[in-house]
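Taking it in order: structure first as structure tokens, then the write-up.
Here, each number is a calculation from the coordinates, and none is a lab measurement. Note that the structure is a prediction, hence the values are computed from the model and not measured. For neighbour counting, all protein chains shown are included, and Cβ atoms are generated from backbone atoms with ideal geometry for every residue, glycine included.
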Amino acid sequence: MEHILELEHISKTYPKSNFTLSNLSFSLPYGTILGFVGENGAGKTTTIGCILNTIAKDSGTVKLFGKEMQDNDTDIREKIGVVYDGDNFPGFWTAKQLSQVMNGFYDRWDNTLFQKYLADFELPENQKIKHFSRGMSMKLAIAAALSHHPKLLILDEATSGLDPIMRDEMLDVFLDFVQEENHSILLSSHITSDLEKVADYIAFIHNGKLILTAPKDDLIYHYAVLRCKESQFQSIDRKDILAFRKRDFQIDVLVPDGKEAAKKYRDIVSDHVSIDEIMLLLVKGEQL
């Protein structure tokens, strides 16, 4: 399987804040969406900075389209569309001025396509961006990211601030984008229901460490949580336990194979598990 993005043993330490991104490794295949999940401060934005070479990593390698990107690799940057969580453009610009600036930055800037997105997203061309709502600003950033025909989208909380209907429409845009086999998306988000709809792979990061990466369908259809009493918990093979959490008189146990666990522990209730609950158990729970 060929990968559009590969991270190998990426580390970055901020001594003043005592935060360390530690030995991060994962990859993104062509034609897929990877959901990058973690609580605020987990290291998602730092990881994206290391990928884009806007943050100097301490060690490790990042490969984009099979090669490491240097500062002068404009051909690689042309192939990447980026949306940050926050202000992406100066507030005194209008969408029309943004298009003029982008036309100078990107060889493949497509104003016709940009105008189509403005119409589809119901965004005014001549209103100053500072008067946009957060949702409008995010839609504008997504429109700009798509309008220079990138092959890789890197989206940092790109659906936050959008109402449920518009979020659903954006997810359809993302799915359309990866219909091209040489396109991929790294989608950082805390809205796990969005990732359940569109992601092919999920990577969990916590306190700067990657704690799980897996196909989304494995997490949703294979993983399960056992709801058990203390006495039942003692009977569970420790090799079957990924994480567990005690709640009042019940212990929730995350297992990687729900069907096998249901056969093996017939007296224990086995439930399907959401990405939210998997993340909660891995972050708040205990490991043996």
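Here the relative contact order of the chain, from alpha carbon pairs under 8 Å that lie six or more residues apart, stands at 20 percent.
Considering only Cα atoms, the convex hull volume of the stretch 228-284 works out to 79 Å³ per residue. Reducing the stretch 138-188 and the stretch 21-76 to their Cα centroids gives an inter-centroid distance of 18 Å.
Evaluated at q = 0.22 Å⁻¹, a Debye calculation over the C-alpha positions of the stretch 68-191 (equal weights, vacuum) places log10 I(q)/I(0) at -1.47.
Relative contact order of the stretch 144-288, please, whole-number percent, based on alpha carbon pairs below 8 angstrom and at least 6 residues apart.
Taking the mean separation of contacting Cα pairs over the length of the stretch 144-288, I get 20 percent.
Computed over the chain, the per-residue total of -39500 (n - 2.57) for DSSP H runs of n ≥ 4 gives a 222 nm mean residue ellipticity of -9500 deg cm²/dmol, rounded to 500. Label zone (Glu122, point 7 Å along Cα-to-C-beta; backbone nitrogen cut-off 19 Å) within the stretch 134-159: 134-144, 159. Whole-Hz Karplus values for the stretch 112-121 come out as 4, 5, 4, 5, 5, 5, 4, 5, 4, 8 Hz, taken residue by residue from phi with 6.51 cos²θ - 1.76 cosθ + 1.60 and θ = phi - 60°; glycine and proline positions read x.
Principal axis extents of the Cα atoms in the stretch 1-83, from largest to smallest and rounded to whole angstrom, are 35, 28, 24. Counted by Cβ distance under 12 Å from Phe65, the other residues give a net charge of -1, where Lys and Arg count +1 and Asp and Glu count -1.
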